[in-house]
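Asks: Here you go, one structure.
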Amino acid sequence: MDVRAVLGFDPFAPEFRADPYAHYRDLRAGGPLQRTPAGLWVSPSFAVCTRVLRDPRFGHGDGLEGSGRLPPRRARSFLVLDPPEHTKLRRLVSRAFTARLVERLRPRVAALVDELLAVPSGEVDLISTLAHPLPVIVISEMLGVPPEDHDRFRGWSEALARGLDPDFLIPEQDLSRREQARAEFGAYFRELAARRRAAPGDDLLSGLAAIEELSEDDLVATCILLLVAGHETTVNLIANGTLALLRAPDQLAWFGANLGSAAAAVEELLRYDPPVQLSVRAALEDTEVAGQPIRRGEMVMLLLSAANRDPEVFADPDRLDLTRWVNEAPRHLAFGQGIHFCLGAPLARVEGQIALTALVRRGVAPVPGPPKYKNNLILRGLAELPVRLG
């Protein structure tokens, strides 16, 4: 299949991987809603993306004939479901995944960051040193996974995160790895959930396992979602955010002099180079967007990362400005909008604030050389990031 004809660009081209925002600037000249040669609607517009994400006439197309995009029903979490099923499952999970639980984790996250950064000054890979282990430990502990099993999650998480992209973009070996990871992960959590039902603990899995309305398949799908959404996206937030700071020495210096403004700094880093680059919605009925008629079943690709740099919404959008959200609430789309707004946003924010503050306080400097990115479309993240600490 011709990737360019479907998406309108090649997500694996080296120049796009290095800087997708240059392409989005050119794309914006074509208007707020455009169509690729293969018939996919694409929008770089903040207004259009916000409208579609909030509009009940758009969804993931559960059972919509011809969408051809959804994985098998057994594997789907509420992330890709439409109401009323989405509403039910998200409400059930929200009962166990509360803001109070996240705030209770703040001291533990700070302690983990200190432990992980207790390495000699000098050159390290930030991914393996901090960005990867921090969220995997946090989400594992939240789910009640024994410490000796934490390392098993890296392979599972990477395989499942790669599987978020459309199947036609994924090499056959990666599809096989995804299905193997899904099977291994499912078997592991079915067994662990049974243990938690027999002897509940003060953890998220015990809370989920106690919800009678949550089927075994839904429980496993939810745990997969929490692993990928609670781990891979935070890895990318920390790494992408660090790289953005290293490329803007004035902003790195401002952060160092204003560590109390970490919350505002993280919001700007999320806007500037978000971990989740895009989302896709299907029209559930005939409608119209930006003056264009959209027929039932047609797909709209929402370029969230392009919308986050829409000059109609953000002044000087291609400039990193950590003061942008100091005195106002953030308006970016890094966590989405509407009924699918990221359930784990509070946790990602806490981890990002603590990790980046610790890095800036300790001192972090770039190591020469181009960064190496993973070959993902939806999740934008670095495979490695050499930096100098201290």
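The values are calculated or read from the model by the stated rules, or taken from the named source; none is laboratory data. Treat the numbers as computed from the prediction; the structure is a model and nothing was measured. No Cβ is skipped: glycine too gets one built from the backbone with ideal geometry, and neighbour counts run over all protein chains shown.
Asks: Filter region 308-334 for residues that are surrounded by 14 or more Cβ atoms within 10 Å (Cβ to Cβ), modelled with pLDDT of 95 or more and touching a Lys or Arg at 6+ places or on another chain (Cβ under 9 Å) and give the result.
Replies: Residues satisfying the conditions are Asn308, Arg309, Asp310, Val313, Phe314, Pro317, Leu320, Arg324, Trp325, His332, Leu333, Ala334.
Asks: Within region 209-220, how many residues are over 18 Å from Arg182 (Cβ atoms) and at pLDDT 85 or above?
Replies: The qualifying residues number 2.
Asks: Does region 147-166 contain any residue that is buried (at least 19 other Cβ atoms within 10 Å of the Cβ) and farther than 24 Å from Tyr373 by Cβ?
Replies: Looking for residues that are buried (at least 19 other Cβ atoms within 10 Å of the Cβ) and farther than 24 Å from Tyr373 by Cβ, one finds none in region 147-166, hence no.
Asks: Continuing with this model, one more query. Among the residues of region 106-146, what is the count of those that are within 23 Å of Ala229 (Cβ to Cβ), hydrophobic (A, V, I, L, M, F, W, C), surrounded by fewer than 19 Cβ atoms within 10 Å (Cβ to Cβ) and in contact (Cβ under 8 Å) with a residue 24 or more places away in the chain?
Replies: So the count comes out to 1.
Asks: If you don't mind, there's one more thing I want to ask. Scan region 259-287 for residues that are under 22 Å from Ala315 (Cα atoms) and over 17 Å from the mean Cα position of the chain (by Cα) and report the count.
Replies: 5
Asks: I need the full set of residues from region 252-261 which are touching a residue at least 24 places away in the same chain (Cβ under 8 Å) and under 19 Å from Leu389 (Cα atoms), in order please.
Replies: Residues satisfying the conditions are Leu252, Trp254, Phe255, Gly256, Leu259.
Asks: When Leu245 is evaluated against the numbered criteria (1) surrounded by fewer than 23 Cβ atoms within 10 Å (Cβ to Cβ); (2) in a helix (DSSP H, G or I); (3) more than 14 Å from the chain's Cα centre (by Cα), which criterion, by number, is the only one it fails?
Replies: Leu245 satisfies every listed condition except (1).
Asks: Is it true that Ala290 is on the phi > 0 side of the Ramachandran plot and more than 17 Å from the chain's Cα centre (by Cα)?
Replies: yes
Asks: Quick one: which residue in Val300, Val387 is over 29 Å from Gly122 (Cα atoms) and either modelled with pLDDT of 95 or more or in contact with a strand residue (DSSP E or B) (Cβ under 7 Å, 6 or more places away or on another chain) (or both)?
Replies: Val300
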